[in-house]
Structure formats: structure tokens, C-alpha cells
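Notes follow once the structure below has been shown.
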Amino acid sequence: MNIWDFQTRLTRRLLTWSVFSVVFSTLTLFSADSFLRGLAIQFFAWGVIDAGIALFGAYASAKKQAKLHADALAESKEAHWLERVLWINTALDVLYILGGLWLMQIWGAESPLWRGHGLGIMIQGGFLFFFDFYHAFALRNLRTS
């Protein structure tokens, strides 16, 4: 598998998660339960952002692939760059999880809505942590094989 195929798979997977997040949020956004509303708001917001990232990533990758497809050095640089971005994102995902936990404990102590927001951030950050970690590790294996 080359870097372009890898990027296509990565963006499709992220887009799938974003669609799931938006669908889940639309099913629970108008719930009478304020905890579920907070959770739904986070799922919607993160889903839209993830979809934008996935679509932009797919567009940028296709553009680069058309320009640099046969260039092995450019492919290697792209793989290195993407791996670096994924490891940085993995570290940021830990901060999202901790931020969600903080939100649940501080503002959510007396508010089910904010507990929902906090848990939503933790779930989204947790998914992204495993997503980014898995793809960074897989890309490292791809580059060294």
C-alpha cells in the first residue's frame, strides 16, 4: 500500500465516524434529558469538524497525488509528514480527554447538561486518540516495511 491509498483509507474512516457522530446527535439533540442534549451537541460539533477535516484531507491528498504520484521521494516525505501530524494529534487527544473530564467534574458537578458536554468531549477525544494512535503506528510500519 502506498501513502495515497493509506490517506484515502484514513479519510474514509474519519468521515464514517463523523457521519455516525452527526446521526447520533440528531437522534438525541432534542431529548428532554439535558445530559443527552449536552452529549448530542458535542457529537454534532465534533462530527461536523471531523467531516471537514476528512473532506479537506481527501481533497488535498488527491491534489498531491495527481501532482506527485510517481515521485518516491515526495511519497516518503508525505508519509513522514502525515505520521508526525498523527503523533501530534494523539498527544492533543489526551488533552481533549482531560478537558472533558475537567468539565464533567467542575461545571458538571451541578449540571447534567455540562456532564453531557464533558462526556461527549471525552468520547470524541478517546475515539480520536485510538484513531490517531492506530494510524500513526500503522503508517510507521508501512514506512519501515
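Some notes on this structure:
- Residue within segment 68-76 that is closer than 30 Å to Thr26 by Cα and of a type outside the set (Lys, Arg) present: no
- Restricting attention to segment 1-54, the residues being of a type in the set (Val, Ile, Thr) and more than 15 Å from Leu82 (Cα to Cα) number 9.
- Restricting attention to segment 110-145, the residues that are open to solvent by 70 Å² or more (accessible area, probe 1.4 Å) and in a helix (DSSP H, G or I) total 10.
- Residues in segment 20-35 that are open to solvent by 60 Å² or more (accessible area, probe 1.4 Å) and not in a helix (DSSP H, G or I): Phe30, Ala32, Asp33.
- Scope segment 1-33; condition among the small types (Gly, Ala, Ser) and at pLDDT below 95; matching residues: Ser31, Ala32
- Which listed residue is surrounded by fewer than 19 Cβ atoms within 10 Å (Cβ to Cβ), under 20 Å from Gly125 (Cα atoms) and in contact with a helix residue (DSSP H, G or I) (Cβ under 7 Å, 6 or more places away or on another chain), from Gly38, Gly99, Gly52: Gly99
- Taken over segment 65-83, the criterion of being of a type outside the set (Phe, Trp, Tyr), open to solvent by 40 Å² or more (accessible area, probe 1.4 Å) and closer than 14 Å to Leu10 by Cβ is satisfied by Gln65 alone.
- Qualifying residue in segment 78-96 (condition: among the basic types (Lys, Arg) and either farther than 19 Å from Tyr134 by Cα or in contact (Cβ under 8 Å) with a residue 40 or more places away in the chain (or both)): no
- Here Phe6 qualifies as of a type in the set (Phe, Trp, Tyr) and either over 30 Å from Glu110 (Cβ atoms) or without any contact (Cβ under 8 Å) to a residue 24 or more places away in the chain (or both).
The values are calculated or read from the model by the stated rules, or taken from the named source; none is laboratory data. What you see is a predicted model, and the numbers here were worked out from it, not measured in a lab. Here Cβ is always computed from backbone atoms with ideal geometry, including for glycine, and neighbour counts include all displayed protein chains. Ligands, DNA and RNA are stripped out before the accessible areas are found, and what is left, the full protein with its side chains, is counted by its heavy atoms. Shrake-Rupley method; radii C 1.70, N 1.55, O 1.52, S 1.80 Å.
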